[in-house]
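Chemist: Attaching a single structure in structure tokens format; questions to follow.
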Amino acid sequence: MEYKKLNRLLKLSMLITGVLVVLSGCSSTAKWEEEVTDYAPYIVTSITVSHSPNNIHTIDLQETSSKVVDVKDRNVRYAYSSLRIYYGKYASPLKNFKEFDDFDLDSLDRFDITWLDDSIAEIGVYRFTENRERVLQETIQLDVTK
């Protein structure tokens, strides 16, 4: 008889412990999910800013990284970068932009910005080769009035 009571108490304590573990796990999962939503959906980093010769227009080259949530490891990181070139009137909020989604920023060395006049900028994109040589890979021409 004592053995049955002891067995029931043991089972009851195991059941209560299991319920508490499940509830605390749900609580920490909910807390983690709440923390994840606090992360910004993307991070914007300004690379360089340039003003036209007579300070009429401005361009701002920015890297945009998107949030990636790894649910299994409960990890948030930022990956998938794109290049955005914001442009507009000098000393005004830059709302217009041209986006380059498949733009590899890992091998990037630098940007050279040359203004042809107050509304057209040429952006030279220099990259490193596998031999660490610097080469002009492409030139982006941007008309900031369009």
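The values are calculated or read from the model by the stated rules, or taken from the named source; none is laboratory data. Please read these numbers as outputs of a predicted model, since none were measured by experiment. A quick note on method: Cβ atoms are made from the backbone with ideal geometry, for glycine too, and the neighbour counts reach across all protein chains shown. All accessible areas refer to the heavy atoms of the entire protein, side chains included, with ligands and DNA or RNA removed. Shrake-Rupley method; radii C 1.70, N 1.55, O 1.52, S 1.80 Å.
Chemist: Looking at the range 54-65, can you tell me whether even one residue there is modelled with pLDDT of 70 or more, loosely packed, with under 11 Cβ neighbours inside 10 Å and closer than 21 Å to ASP143 by Cβ? Break it down into steps so the answer makes sense when it comes.
Modeler: So the first thing to find is which residues in the range 54-65 are modelled with pLDDT of 70 or more, and the list is 54-65.
Next cut, loosely packed, with under 11 Cβ neighbours inside 10 Å only: 54.
Now restrict to residues that are closer than 21 Å to ASP143 by Cβ: 54.
Scanning the range 54-65, I find at least one residue that is modelled with pLDDT of 70 or more, loosely packed, with under 11 Cβ neighbours inside 10 Å and closer than 21 Å to ASP143 by Cβ, so the answer is yes.
Chemist: Considering the range 115-146 alone, what residues qualify as being part of a loop (DSSP other than H, G, I, E, B), farther than 21 Å from HIS57 by Cβ and of a type in the set (A, V, I, L, M, F, W, C)?
Modeler: none
Chemist: Still on this model: Across the range 66-107, what is the total count of residues that are modelled with pLDDT of 90 or more and either touching a helix residue (DSSP H, G or I) at 6+ places or on another chain (Cβ under 6 Å) or among the acidic types (Asp, Glu) (or both)?
Modeler: So the count comes out to 1.
Chemist: Among the residues of the range 104-137, write down those that are over 17 Å from SER81 (Cβ atoms) and of a type in the set (Asp, Glu).
Modeler: ASP112, ASP117, ASP118, GLU122, GLU130, GLU133
Chemist: Determine whether the range 124-143 contains at least one residue that is open to solvent by 80 Å² or more (accessible area, probe 1.4 Å), on the phi > 0 side of the Ramachandran plot and within 20 Å of the chain's Cα centre (by Cα). Let's see the steps before the verdict.
Modeler: Looking only at the range 124-143, we keep the residues that are open to solvent by 80 Å² or more (accessible area, probe 1.4 Å), and these are 130-134, 136-137, 141.
If we keep only those that are on the phi > 0 side of the Ramachandran plot as well, we get 132.
Subset that is within 20 Å of the chain's Cα centre (by Cα): none.
There is no residue in the range 124-143 that is open to solvent by 80 Å² or more (accessible area, probe 1.4 Å), on the phi > 0 side of the Ramachandran plot and within 20 Å of the chain's Cα centre (by Cα).
Chemist: Here's something else I'd like to know. Counting only residues that are in a strand (DSSP E or B) and open to solvent by 40 Å² or more (accessible area, probe 1.4 Å), how many does the range 85-114 have?
Modeler: 11
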